Structures are given as structure tokens and as C-alpha cells.
Amino acid sequence: MNNTIKSSALIFILFLAIALKPIDPPKKSEEIDQRVKDLLAKMTLEEKVGQMTQVTLQVVSKVQGTRNQMHQLDDAKLEEAIKKYHVGSILNVYDVAHSIEYWHEIINKIQNIATKETRLGIPVLYGIDAIHGTTYTKGGTLFPQAISMAATWNSDLEKEAGKITAYETRASGIPWNFYPVMDIGRQPLWPRLWETFGEDVYLASQMGNAYIEGAQGNDLSQPDKIATCLKHYVGYSFPINGLDRTPAWISERMLREYFLPTFEAGIKAGSPTIMVNSAEVDGIPGHANYHLLTEILRNELNFKGLVVSDWEDIKRLYTRDKVATSPKEAVKIAVMAGIDMSMVPTDFSFYDYLLELANEGAVPMWRIDEAVGRILKVKMQLGLFENPFPNIELAKHFACKEFTDANLEAARESIVLTKNENNILPLSKNLKVLVTGPTANMLSVLNGGWTITWQGNEETLYPQEKNTLLEAIQNKIGKDNVTYIEGTSFDKDINTKLAVAETKNADAVILCLGEPTYCETPGNIFDLTLNKAQLDLANKIVETGKPVILVMLEGRPRLITEIEPKMNAIVLGFLPGMEGGNAIADVLFGDYNPNGKLPITYPRYPNGITLYDYKPMEDFDGNGYNPLWQFGYGLSYTKFSYSNLKLSSDEIDPSDELTVTVDVKNDGKISGKEVVQLYLTDLYGSVSRPNKQLKGFQKVLLNPGETKTVSFKLNKDHFSFIGQDNKRIVEPGEFKLAVQNLTQTFRLK
């Protein structure tokens, strides 16, 4: 992408990386491989099995840690875990964020025992879910969630988010982040949709790659870099009923066309770890799927890194999935399928069972050595053998102003304007406004799950210095110009009558609707339609005749078809992060020109789940594509026009590169950013082809009257697809390219 963000945060990070460079660990892969081989030769079976065991912090804790309790490590339990069971990894918190100082205390104690009180001094690999910033360190920079970052269509912003998250996570003393989610969000009911970069393979790949590049750089051992983890390999995001951790029915051809490419992109970008699908694909649980975990992941995609299970999912092969007849057999199945490390995570049962299996010969030594070698290699790549302790210098600039400014920019670009009747927006700052609705005055609804706590729903734990949307509006136009009435909770009336009555004193109403926070299975729902109480509030406000601006804060597209025609303007915030209130207020009152675009198709009806890259038959013989808003849609306060779509040739060989150019002009009176989107249609194929597919995008800044020429390059990878034999192929034939309302055709020889 062009318009690279040259922020002071980036300059600062690069400077600090140089200033704090550690003792150089071995850089060459061959040197690390030899060190791994030498260390493996010294290890006992017990030490090896321990490296494959990962437990949660709760296992080694005295007081479990809630919002009303101060967490404490249990020294005896910690020594037992490391000295007796030789655990290779610890993860997580007990559902509440710690201060950075306390993280240092935890990590120092763990690593002191591991490196100074054990025979071989192997450091522990600590992992955390820092999925939109340092979610479990108090005061961390919390960016928009993935679905909102995808709405920016700006991979430079995602790269910077990766850098800052890596910096603050490593500043906390933690080197391993269970992120990015490379599942693609093609089932809008799924409660983890907001953890994805949307429904499109190309957009998700570009955003995920940018995050990995920012978080890891070229050298994982640098003090401000972390190891990323691709989640959740593979097919997890497409449950047929939309409920979390339920079956997906995906053919291998479809899997290879839509769900594997994002993981392949992440592997090529250098992510050294992968976490496995908690559910199942075509009847085979992800943790038992040798075909996916070994034959495809290792042999085809050439992944060399560490594969970790998800929470308790090896046990569930017995307790839930019933593919193993005992917990011990579950361990055997998972390890032989390709799992290297078990997120057990609340006991040492995996260690005990695997030790028995190894001694019996049921799990061969080569497989254990293979898994442990991969674990040790990641630890060496991170430089943990040289220094596994927190770098206190990094803490000095934790959550600094430069990071907050970068976060605000990301939040601004994530906001999507989908309706602006008669250009009612931006609003004048001299207006009297009524603010109402359940999402108006909460920080949690800006952030979603994995924020301070697992579910992200402990509003009292959020930093009070940050602005809710209501507070941001009050700061923008003055408290005297703002009346706030809650109206409803998410699912019941509170004081709707009072809100309606107060419209008489307002020039306009800012109606804030959406979802409470949730994460994973607790977020399961059976209907995308927005709760009746909120729809009723909207309808009654509309009846007053006052202009209504709807702001939606949500993790998935809750249906508002009933009220959409009645709204004068609609702003989609999704989950814009801790600076989201300020960002939305900037958009509403004209201090920022919106430029976000939808990374998903926004459905019109509960069962109208047709995605943008639908097949021809989905728009044929009475069928139709009729969403509320299409993928890639989003308005601006200025107008853009397109012209001169040109191709370097109208016929090319598969080995050739096709150059595409188009002119984009800002026809309005204010500066704005536009996402130029390039779509490709393969007009005929041996497998039915999508009506169109995204193959390129660039975000450009244009001043009033300015024209820029945007260029794309396409090659055979862009023209390829999965054929009838489940292999990627390129077929000759006619193709159509489209940018906005312009099209051109060319022929592939």
C-alpha cells in the first residue's frame, strides 16, 4: 500500500530497537538447528515431554486472581511445574489484566527458576492473547479489533499496530502472542467474526501479513519483537450453524480455495507458530486431523514451526468429540496427528499420559524429538536462551503518546459511513443533540472481548481517562449542547419515554445501538436481528420527526433492515478500540473525513447470507444478491471519480505480468482518502468461478481537484484457482477487470 504512515511512533520504535539490541544470538538457521540438535541429545525423556506441556498461570497461582483479588504466584506450585514436570510454556492470566510491574515480577520469577534452578536451564515460553494490543497489561494501547482494522483497508496501519503491540507485549516480558487470526469471516453469526479480517481471502492475507511484518520484523530476538501465532488452523470460522466450536462442512476444494490461502500467506510471512481449530471439519476434529496438520501443513505448505493446541482441545477428543476412547488415547491421536505442544492447560495430565505412551513405544521417540526441536527453535529464535527476562527500558515508553496517536489514526480510518441522506453529516458543532442508546456511554462496547478480561465486559476495570462516545461528543461540542438519556439496555426498555420526550430540546439525535461485549461460545446467538428493545427505541425516536444519526457498535452485522430507511445517516463503528469514541466524534462533527470500507457483506435478511464473491447461480433464475451494503462499500464527505482504466496488454501469457492503471480524482471540496479496489472475474472455467474477486487495493489521499494514477500488477497467482482435482491451476481464457464502474477485458493465452 502507498500512503505509508511515517509517524513518530515508528521512528521511535526503530531507534529503540537499535539502542536496546541484546547480545546477539545465533542468526543463521543452520546454527540454531545445530544448537537444537545438541540440546536434544542432552535431554531426558521427561524433560522433552515437559517442553511439550503448556499450563495456564492459574495452575501455579495461590490466589486465582479476580477483579477483587490480587493475584499471587504459588512458589511451591511453580517449582513443581518447572522442576518436576519441566513445563515448556505458561500462558494467560486468570481473567484480569496485570500492571506491567507485576508482569515483570511474574516473568522474572518463572524464568529465574527455569534458567537457574534446572539442569539444562531451558527458558519458559510465555504466551498471551494480545489480540488488539496488550489486552492483559493495564493501560496498554488497545487498537481497533481485527474486523475494524480490516475496515481501514490500510495495511500500513496494521503493520504499525503489530509493531506497537509487539513493543508493549515484550515490554511486559512476554515474547509470544496468540495472534493474528487468519480464519476468514464468512459466517456472520459466528461470535468470533470480529477477530477476523473479514470475508475476503486477499484482504485478510494482506492485513495478516502486515501485522506479522510489524510484530516480528526481520529478527525475532530483538527486544521489541514477538513471535506471532496463526489462528485457528483451519476451517474454524465457517460453522454451518454459526455457533462457536461447532462443525464445519467444507469440501477439500473449498478449503483450499478460501480457507488455506490465508494461512499459507502467514507462513510465507514468517509466523513461527500455529494454533489449531477447536472444532471439526467434515467430521474430523482439528486436533486429530493428520491430513490437515501433517500432509497439508507440513508437506505442502512447508510449515517448519511449532503447532500448539487450543485450550483443553486434546482432552476434548475424548470428553466431547468421542474419537478417542480414553484421555490417554486422545494424547496419542493428537501428537501423532501433528500437535507439538498441548495447551492442557489446568493440570499435568498430558505430561503423564505422553510419558507413558513414549515408554510403551506407542508414541515414537522421533516424533517427540521432532516436536521438542520445533519448540526449542522458537525459543532460540526469540533469543530467550540469551535473555528471557523483561527489559525494563521498554517499560519507560509503554502506552506513550506516540502510540496513542497511532491508535487514534487507526480508529478514525476504521469508521464506515454507510448512509448520509442530504449530506446531514458532518453535524454543526453549534447544534443541540440528544445522545441515546445502550452503546453511548460504555468503553467496553468500543473494544469487545479479550479486553482486560476474557469477555471484555467488566466496565469498571476500563481506564476512566478514556472517552466513551458520549464523553467524546461532550468534549467536541460542550456538555451544555448534549443531553444524554440511556433509553434502553441491550435487550430491554429503561427510559425510552424520557428519551423521546427530550427530543423536543434537540436539533438532532445520535442514536447509539449495537451489542454488548462477548468472546467465543458465550457470544453465540441464533438471530442476527438487533434486539427488539433497541429497534423500538429507534422507531419511537424517528416518530418525533427529528433527524436521527445511527451509530452501530458491534462485533458482527446485526440486522437493522427495519429501521435503516428511517435513519438520516448511519455510521458503523464495529469495535474501534480504546480511541473509538474520539474517532467517531471526529467523523460526526467533521474533524475527520470518513474513509473506511466494509470488509464484510452486511446482510439485509437473517438468512440472506450471500457473500460478495458469490457464484453465478446465486444471482440467477430468481436468486439475487441483495445485501443491505456490499463488501467494499463506504461513503466519504467528498466525491471521487474514476477514469482511464488501462491494461498493459489485452492478451498475455501465463508467465507475463499485467499492469493495470486507473486515474482517481477528488471532485469535492475537502481532502479525503479513497480505497481503490481492483476486482477480477474469470468469465469461464472448468470449476464455476465467482462473479468477482478482490485482487488488489490501494488507499490514496487526494486533495480537492487532485488526480492520481493508481497502478496494480497481476500475475498468474492472481488468475489461479483450485481445479477439479483439488490442485491450483491456471486456465487460458477471457477475464474481466473492474475498478469502481470501469471495466476492461483481456485474454490469458
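The values are calculated or read from the model by the stated rules, or taken from the named source; none is laboratory data. Since the structure is predicted, the reported quantities are computational estimates derived from the model, not experimental observations. Positions of Cβ are generated from backbone atoms using ideal geometry, with glycine treated the same way; all protein chains shown enter the neighbour counts. Quick note on the areas: whole protein, heavy atoms, side chains included, nothing else; ligands and nucleic acids left out. Shrake-Rupley method; radii C 1.70, N 1.55, O 1.52, S 1.80 Å.
Once fully extended, how much extra length lies between Asp667 and Ser99, figured as 0.36 nm per residue of separation less the alpha-carbon to alpha-carbon distance?
Gain in length upon complete extension: 199.5 nm.
Using DSSP to define loop residues, name the GluC sites (Glu not before Pro) in the range 635-735 whose beta-carbon has at most 14 other beta-carbon atoms within 10 Å.
Glu657, Glu706
Among DSSP beta bridges whose residues both lie in the chain, state the antiparallel percentage, nearest 5.
Around 55 percent antiparallel, to the nearest 5.
Give the label of the value calculated from the structure for volume of the Cα convex hull per residue in Å³, choosing from (1) 226; (2) 156; (3) 343.
Read-out taken from this structure: (2).
Which pairs break 31 Å Cα to Cα here: Lys566/Lys695; Lys83/Lys328; Lys429/Lys466; Lys268/Lys749; Lys665/Lys749?
Table pairs above 31 Å Cα-Cα are Lys566/Lys695; Lys665/Lys749.
Using 1/(1 + (r/R0)^6) with R0 = 25 angstrom and r between the beta carbons of Phe490 and Leu431, what's the FRET efficiency to the nearest 0.05?
With a Förster radius of 25 Å, E is 0.35.
By how many nm would the segment from Val63 to Gln724 grow when fully extended, if each residue of separation counts as 0.36 nm and the alpha-carbon distance is taken off?
That pair, Val63 and Gln724, stretches by 232.3 nm at full extension.
By per-residue mean of other Cβ atoms within 10 Å, what is the highest-first order of 362-370, 299-307?
For the peptides 362-370, 299-307, the packing ranking is 299-307, 362-370.
Compute the distance in nm between two label points, each set 7 Å from the Cα along the Cα-to-Cβ direction, one at Arg298 and one at Ser29.
1.6 nm
Quick one: helix 327-337 against the long Cα principal axis of the chain, what's the angle to the nearest 10°, folded into 0 to 90?
The angle comes out at about 80 degrees.
Using a Förster distance of 45 Å, how high is the FRET efficiency between Glu651 and Glu386, based on the Cβ-Cβ distance and rounded to 0.05?
Rounded to the nearest 0.05, the efficiency is 0.20.
What FRET efficiency comes out for Arg604 versus Thr460 if R0 is 30 angstrom and r is the Cβ-Cβ distance? Round to the nearest 0.05.
0.20
Once you have the Cα-Cα distance between Leu742 and Thr659, take 0.36 nm times their residue separation minus that, and quote the gain in nm to one decimal.
28.3 nm is the gain from fully extending Leu742 to Thr659.
Work out the length of the dipole vector of the range 306-417 about its Cα centre, built from +1 on the beta-carbon of each Lys and Arg and -1 on the beta-carbon of each Asp and Glu, and round it to the nearest 20 debye.
140 debye
Quick one: which residues, 5+ away or cross-chain, put their amide H under 5 Å from the amide H of Tyr614? H built at 1.01 Å from N.
Amide H to amide H, under 5 Å and 5 or more residues apart or across chains, Tyr614 pairs with Asn691, Lys692.
Less than 12 Å Cβ to Cβ from Thr152, Lys/Arg counted +1 and Asp/Glu -1: what total charge do the surrounding residues give?
The answer is 0.
Using only the alpha-carbon atoms, how far is helix 401-414 inclined from the longest principal axis of the chain? Give it as 0 to 90 degrees, nearest 10.
Once rounded, one gets 60 degrees.
What value, in deg cm²/dmol to 500, does the helix sum -39500 (n - 2.57) over DSSP H runs of n ≥ 4 give at 222 nm once divided by the residues of the chain?
It comes out at -8000 deg cm²/dmol, rounded to the nearest 500.
What is the distance, in nm, between label points placed 7 Å from the Cα along the Cα-to-Cβ direction at Ala501 and at Ile240?
For Ala501 paired with Ile240, the spin-label model returns 5.3 nm.
With a cut-off of 11 Å, note down the residues of the range 274-292 whose backbone N falls inside the zone around a label point 7 Å from the Cα of Met254 toward its beta carbon.
282
Compute the signed sum of charges (Lys and Arg +1, Asp and Glu -1) over the other residues within less than 10 Å, Cβ to Cβ, of Ala508.
So the environment of Ala508 carries a net charge of +1.
Using per-residue counts of other Cβ atoms within 10 Å, averaged over each peptide, order 466-475, 617-626 from highest down.
466-475, 617-626
What residues from the range 408-439 fall in the zone where the backbone N is under 18 Å from a label point 7 Å along the Cα-to-C-beta line of Glu706?
Correct set: 413.
Label points 7 Å out from Cα along the Cβ direction at Asn423 and Asp621: separation in nm?
About 4.7 nm, to one decimal.
Angle, helix 532-542 long axis vs. longest principal axis of the chain, Cα atoms, 0 to 90°, nearest 10?
Compared with the principal axis, the helix lies near 30 degrees.
Below 8 Å between Cα atoms, with a sequence gap of 6+, how large is the relative contact order for the chain in percent?
After rounding, I find 13 percent.
Roughly how many percent of the accessible protein surface of the chain is carbon and sulfur, given a 1.4 Å probe and a whole-percent answer?
49 percent
Per residue, how much accessible area does the chain show when a 1.4 Å probe rolls over the protein heavy atoms, in square angstrom?
For the chain, the solvent-accessible area averages 36 Å² per residue.
Once you sort the root eigenvalues of the Cα gyration tensor of the range 75-170 as a ≥ b ≥ c, which label holds: rounded (a/c under 1.5), prolate (a/b larger than b/c) or oblate (the other case)?
Prolate shape, in that a/c is at least 1.5 and a/b is the bigger ratio.
Counting other Cβ atoms within 10 Å, keep those with at most 12, restrict to DSSP loop, and tell me which trypsin sites (Lys or Arg not before Pro) in the range 631-688 are left.
Lys669
Take every Cα pair under 8 Å in the range 233-366 that's 6+ residues apart, average their separations, divide by the length, and report that relative contact order as a whole percent.
20 percent
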